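I have placed the structure first, in the form of structure tokens, so that the comments after it can refer back to it.
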Amino acid sequence: MVETGIWSESIGCTIALDIRSQKENLMGRKVRRSVVRLLAASFGLCMTATVVITPTAHAATVTMDITTISGTGTAGYSGNGRPAISAALSSPNSITSDAKGNIIFSDNGNSVVRVIAAQNGTFFGTAMTAGDIYTVAGDGTSGYLGSGGPATSAELNSPKGVAVDPEGNLIIGQNNVVSAVAAVTGNFYGIAMTAGDIYTIAGNGTNGVSSSGVLATSSPLEAPVGVAVDAHGNVVFSDYNNEKIQVVAGSTGTFYGIAMTEGYLYTIAGTGSLGYSGDGGPALSAALSNPIDVTVDSAGNVIISDVGNNRVRAVAASTGTYYGIAMTAGDIYTIAGNGTAGATGIGGLGTAAELNNPVGVSMDASGNVIIADPASAVVDVLAGSTGTYYGVSMTVGYLYALAGNGTNAESGDGGTATAASLNQPSSAVAGGGRIDITDYAGNVIRAVYPTDAVQASSTITAGTLSFVLQPGSVTFTPITLSGVDQTSTASELLDIGDNTGSGSGWNVTLSNTVFTASSGATLQNSDFTVPLPAAPGCDTGSSCAPAVWTSGFVPLGGTGLPGATATKLLSAASSSTAGVPSGMGNQTVTLLWSAVLPSSSLAGNYSSTWTITLAAGP
């Protein structure tokens, strides 16, 4: 599956857009936004799009690029229900994705967990639009109140780890407790749950030494910060200050060599003493040092970020060879890091390389371990097998650079990922064909992607007739050519207001000024469309006569294609109070863009300039 990113530059009314060939992940430069003040009767919004299509089968090399997909770079809390790129975040910490491709992350500084929707639909009880951001847990207050009630009305206390279990429930690690937001109504972890509500599944809310073999909700915990879910539905988490890795049994059975009861707590690694010992022996006899994150690979091995020891370690679920190391079931092994804080050894054996606070660990679909190292300002990959990944020929058990140049800063969007600066990357996860990274100190989420599949994006800015919220970015879902017609879609939210008192209403017209197709291209006039979504509606508290959709077709024109004709998309009548014109009021409109790439399309460039005109009307 391929994702997209954004490149835009504001030049007067014109926005330059780059739609490039990608294989797995996002690309682009950081969006620079500007408000254009226009006082004439007609207001034009311009956008230019360039599509580069490279069939994956023909790609000889892959370059990994990076872009920002959420966050303004300034700490804050805003943007719910709006495009994720324009939202303010505060110290985003852990990140994951669900089966639908939605990006889920802990917005630590805001005491909430948020979702960037990958598609239109209802997730975690909230109706979502693709590309927009939503809060699904936490009311913004730091605390523990609200367990057993709606997740968005509950308090979270420094939420950190996030994971999704096989039932779709959202698991959250926070100070002293592990919580679950139920995706559906049912019994999970020994607790009856209602969809959309939040429940404590481990921890009694107090700091203390945790126990093993007891009801999970009866035991104190010490900062369960990292969470993961194994293939059996058990929740694995790092009990940070207790120096242990714990499991909440999702069902009754034998797991990790231990007979477990559903809803009970069990220790699977760590003695409870701070230190470094035990490699090659039983995990329960090993000393850990501030383990922060955990993940579980496809073989069931538990991967641990042993931060204080500057190592990544693995607890073997079964006897075999993993990451180039012969392992015995139940024993623990270092798979990356030599214990020295640093960043040397990239391209060599993982156990000989230096790591520096390897905070985040996750697995990609190929069995490689993704490591976020905030102190070194890099994200690395430990190869789980020999092969070519992320455009690099890798050897099993060796460590390779994925993103970051070693400088803690926020730069490099639109360029090569390894040349970019990251700002304390605390978590990185493979999902939806990309690597998503939380830049903790940068207050943004960034994505790394290869460059040999189809990507499209566009950004528009607006003037004053007026857009209540400046339009954000339109990002198409990129695709890889596969011999059949494929459709890439995106949505754009326009919040339009006319409170000038003119009472004249307004029109939104879309026209095409330029279209240039590469040699052999077969794109036709109907290849770009705007399907009609639900009718626009007046904003809350606003009195207006709702606009009416008049067309769903985006005209194209230019070289080798029919000439373009401006098409009126929306028409809004005037409104008045006691016969006195009062303007249209505020209305929310969502344009659903659709780009069809025929199976016969050849590799090459396709560029188009579209103009959206907001004018007095109707």
Which listed residue is under 31 Å from the mean Cα position of the chain (by Cα), polar (S, T, N, Q), more than 16 Å from residue 379 (Cβ to Cβ) and at pLDDT 95 or above, from 261, 319, 328, 351 = 351
Name the residues in the stretch 386-408 that are over 25 Å from residue 309 (Cα atoms) and surrounded by fewer than 18 Cβ atoms within 10 Å (Cβ to Cβ), would you?
-> 386, 387, 388, 391, 392, 393
Would you check if residue 299 is in a strand (DSSP E or B), out of contact with any helix residue (DSSP H, G or I) (no Cβ under 6 Å at 6 or more places or on another chain) and over 19 Å from residue 226 (Cα atoms)?
-> no
Being touching a Pro at 6+ places or on another chain (Cβ under 9 Å) and in a strand (DSSP E or B) is the filter here, so list the residues in the stretch 101-124 that pass it.
-> 105, 106, 107, 112, 113, 114
Could you say which residue among 274, 265 is of a type in the set (A, V, I, L, M), in contact (Cβ under 8 Å) with a residue 12 or more places away in the chain and buried (at least 20 other Cβ atoms within 10 Å of the Cβ)?
-> 265
May I ask you to list the residues in the stretch 173-226 that are on the phi > 0 side of the Ramachandran plot and hydrophobic (A, V, I, L, M, F, W, C)?
-> 223
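Let's see how each residue does on (1) open to solvent by 10 Å² or more (accessible area, probe 1.4 Å); (2) modelled with pLDDT of 90 or more:
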{"position": "96", "(1), (2)": "yes, yes"}
{"position": "112", "(1), (2)": "no, yes"}
{"position": "119", "(1), (2)": "yes, no"}
{"position": "125", "(1), (2)": "yes, no"}
{"position": "142", "(1), (2)": "yes, yes"}
Cross-chain or 6+ apart pairs with Cβ under 7 Å, the stretch 196-218 first and surrounded by fewer than 19 Cβ atoms within 10 Å (Cβ to Cβ), then modelled with pLDDT of 95 or more and of a type in the set (Val, Ile, Thr) = 204/217; 205/177; 212/267
Could you count how many residues in the stretch 398-435 are of a type in the set (S, T, N, Q) and in a strand (DSSP E or B)?
-> 6
List, please: which pairs have Cβ atoms under 8 Å, are six or more places apart or on different chains, and start with a residue in the stretch 336-357 that is under 18 Å from residue 325 (Cα atoms) and open to solvent by 40 Å² or more (accessible area, probe 1.4 Å) and end with one that is acidic (Asp, Glu) and part of a loop (DSSP other than H, G, I, E, B)?
-> 338/354
Looking at 294, 312, which is the one that is out of contact with any Phe, Trp or Tyr (no Cβ under 7 Å at 6 or more places or on another chain), in a strand (DSSP E or B) and not aromatic (Phe, Trp, Tyr)?
-> 312
Scanning the stretch 369-397 residue by residue, those touching a strand residue (DSSP E or B) at 6+ places or on another chain (Cβ under 9 Å) and not in a strand (DSSP E or B) turn out to be 374, 375, 376, 377, 383, 384, 385, 386, 390, 395, 396, 397
Would you say residue 250 is more than 17 Å from residue 331 (Cα to Cα) and assigned to a loop (DSSP other than H, G, I, E, B)?
-> yes
Flagged in the stretch 432-449 as aliphatic (A, V, I, L, M), crowded, with 24+ Cβ neighbours inside 10 Å and either modelled with pLDDT of 90 or more or in contact with a Lys or Arg (Cβ under 6 Å, 6 or more places away or on another chain) (or both), in numbering order, are 435, 437, 444, 445, 447
Across the stretch 176-204, the tally of residues that are of a type outside the set (Ser, Thr, Tyr) and in a loop (DSSP other than H, G, I, E, B) stands at 9
Please give the number of the condition residue 333 fails out of (1) out of contact with any Gly (no Cβ under 6 Å at 6 or more places or on another chain); (2) under 22 Å from residue 406 (Cα atoms).
-> (2)
Which of the following residues is open to solvent by 40 Å² or more (accessible area, probe 1.4 Å), polar (S, T, N, Q) and touching a strand residue (DSSP E or B) at 6+ places or on another chain (Cβ under 8 Å): 319, 328?
-> 319
Can you name every residue in the stretch 205-232 that is outside any strand (DSSP E or B) and within 20 Å of residue 137 (Cβ to Cβ)?
-> 205, 216, 217, 223
Of the residues in the stretch 183-195, those that are touching a residue at least 40 places away in the same chain (Cβ under 8 Å) and open to solvent by 20 Å² or more (accessible area, probe 1.4 Å) come to 183, 188, 190, 191, 195
What do you reckon, is residue 149 surrounded by fewer than 20 Cβ atoms within 10 Å (Cβ to Cβ), at pLDDT 95 or above and closer than 19 Å to residue 111 by Cα?
-> yes
Among the residues of the stretch 292-307, is any surrounded by fewer than 20 Cβ atoms within 10 Å (Cβ to Cβ) and touching an Asp or Glu at 6+ places or on another chain (Cβ under 9 Å)?
-> yes
May I ask you to list the residues in the stretch 155-182 that are touching a Leu at 6+ places or on another chain (Cβ under 7 Å) and surrounded by fewer than 23 Cβ atoms within 10 Å (Cβ to Cβ)?
-> 155, 164, 176
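The values are calculated or read from the model by the stated rules, or taken from the named source; none is laboratory data. Remember, predicted model here, so these are calculated numbers, not experimental data. Heads up, the Cβs are rebuilt from the backbone with ideal geometry, glycines too, and the neighbour counts pull from every protein chain shown. The area values use the complete protein model at the heavy-atom level, side chains included, leaving out ligands, DNA and RNA. Shrake-Rupley method; radii C 1.70, N 1.55, O 1.52, S 1.80 Å.
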